[in-house]
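Structure first, commentary second.
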Amino acid sequence: MSDDLTSLRRETDAALAAASELRAWDAIRVGVLGKNGKLTALLKQLGTASPEERRERGAALNRLRDDLTAAIEQRRASLDAAAMDARLAAERIDVTLPPRPSGGGLIHPISRTMDEMAAIFGAMGFEIAEGPDIESDWLNFSALNIPAHHPSRQELDTFYLPAASGASPPVLRTHTSPVQARAMLTREPPFRIIAPGRTYRSDHDATHSPMFHQVEGLALARNLTLGHLKGCLSDFLRAFFGLPSLPVRFRSSYFPFTEPSMEVDIGWNRRTGELGGGGDWLEILGSGMVHPKVLANCGIDPRAWQGFAFGMGIERVTMLKLGIPDLRPFYESDLRWLRHYGFNPLLPAMLHEGVGA
Ligand code: DAH
């Protein structure tokens, strides 16, 4: 190889070795192989050489071009690899370090209760269903066997919204029960759902808020019985309150959408407020076998399918479980209250032993 080619090779190798980042590398590439690069210039000069010279020098130049191209590409690859190593080193996270709570957000007790309900009922095969806060009169009342002049409509302090002309006014749902109607109208039985969410009644004092939360439950299958309902709710209550021997009592009652209907009580001590076998009973939720009229209203054949349903107040069970005495602070966003009753978001909702087994 003639001297000028040898020195171009040496010069390029040295420059490549010294190039520590992509911009320097690219300047070398352009300076050698580019339109005005050194090798390109040598190739252009070939035209002025004699035929023998051209053959020999042309072959040498082609080899040099191949070698330089390879050397340049190789340097690029090693620069890329070094850049990746540097990035990986810079972005390294030690996942074995303990998490550091930032002192920021906590889970609100209402959300926490909903998460625990989802976990406990989820282990029993219930899916989460949803419905809107603004509900039609039909879904909130009529589909659930609460006709227009039914007394239970007057007992509820319903928030009515402006009606479209000629239509009955929509309402802020007074319970989560319309979600069971929605589920029957849209799902193929058998299914099991729970529907936690906001509900509204025009009522405000120490134990009532115009907005509060309920969870509705519905299981629909062939040959479902009161026994299934009792087993399901007893298991839930014992798991939720973490008391495997919590006394649970089913007491005959009335709801328009269930027949028979039952209210469910748990054992407690009225004097101390402690839950368990204290000799007193505390009403905690409503339940029953879905009324055949409700099934039929929602397009389900009552001769082929049975359902059990239940509904309970989320604030109420949360207050009982955590010993929270007053309802109002739930909605006041007082940081001192939230710091006291909130839950660390880094800790999973604890399930009590035996759940899901
Ligand atoms: N919707 C009732 C309420 O707001 C609660 C309820 C009772 C729901 C019995 C049900 C049920 O599904 O079967 O107070």
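Here are the numbers:
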read-out: Verdict on residue 213 being modelled with pLDDT of 95 or more, within 11 Å of the ligand (Cβ to nearest atom), touching a Ser or Thr at 6+ places or on another chain (Cβ under 7 Å) and within 18 Å of residue 132 (Cβ to Cβ); value: no
read-out: One residue from 163, 167, 181 being more than 10 Å from the ligand (Cβ to nearest atom) and either among the acidic types (Asp, Glu) or buried (at least 22 other Cβ atoms within 10 Å of the Cβ) (or both); value: 181
read-out: Elements of type helices (runs of 4 or more DSSP H) in the range 14-113, at least 3 residues being under 44 Å from the mean Cα position of the chain (by Cα); value: 51-90
read-out: Where a residue in the range 188-215 is outside any loop (DSSP other than H, G, I, E, B) and its partner, wherever it lies, is within 11 Å of the ligand (Cβ to nearest atom) and among the acidic types (Asp, Glu), with Cβ under 6 Å and at least six apart; value: 195/216
read-out: Inter-residue pairs, beta-carbon under 6 Å, first at positive phi and in the range 120-141, second of a type outside the set (Ser, Thr, Tyr), 6+ apart; value: 125/192
read-out: Only listed residue being touching a strand residue (DSSP E or B) at 6+ places or on another chain (Cβ under 6 Å), aromatic (Phe, Trp, Tyr), in the same structural domain as residue 256 (by TED's automatic domain parsing) and closer than 24 Å to residue 231 by Cα, chosen from 159, 121; value: 121
read-out: Some residue of the range 46-56 being under 30 Å from residue 330 (Cβ atoms) and out of contact with any Phe, Trp or Tyr (no Cβ under 9 Å at 6 or more places or on another chain); value: no
read-out: Restricting the range 218-244 to residues that are touching a Ser or Thr at 6+ places or on another chain (Cβ under 8 Å) and within 15 Å of the ligand (Cβ to nearest atom), the residue that is nearest to residue 321 (Cα to Cα); value: 233
read-out: Selected residue (criterion: surrounded by the most Cβ atoms within 10 Å (Cβ to Cβ)) from residues of the range 97-125 that are hydroxyl-bearing (Ser, Thr, Tyr) and modelled with pLDDT of 90 or more; value: 113
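A quick yes/no check of all residues on (1) outside any loop (DSSP other than H, G, I, E, B); (2) surrounded by 15 or more Cβ atoms within 10 Å (Cβ to Cβ); (3) within 14 Å of the ligand (Cβ to nearest atom):
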site: 254; (1), (2), (3): yes, no, yes
site: 261; (1), (2), (3): yes, yes, yes
site: 270; (1), (2), (3): no, no, no
site: 273; (1), (2), (3): no, no, no
site: 278; (1), (2), (3): no, yes, no
site: 281; (1), (2), (3): yes, yes, no
site: 287; (1), (2), (3): yes, yes, yes
site: 295; (1), (2), (3): yes, yes, yes
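The values are calculated or read from the model by the stated rules, or taken from the named source; none is laboratory data. Note that the structure is predicted; figures quoted are calculated from it, not measured. Glycine gets a Cβ as well: all are built from the backbone with ideal geometry, and neighbour counts include every protein chain shown.
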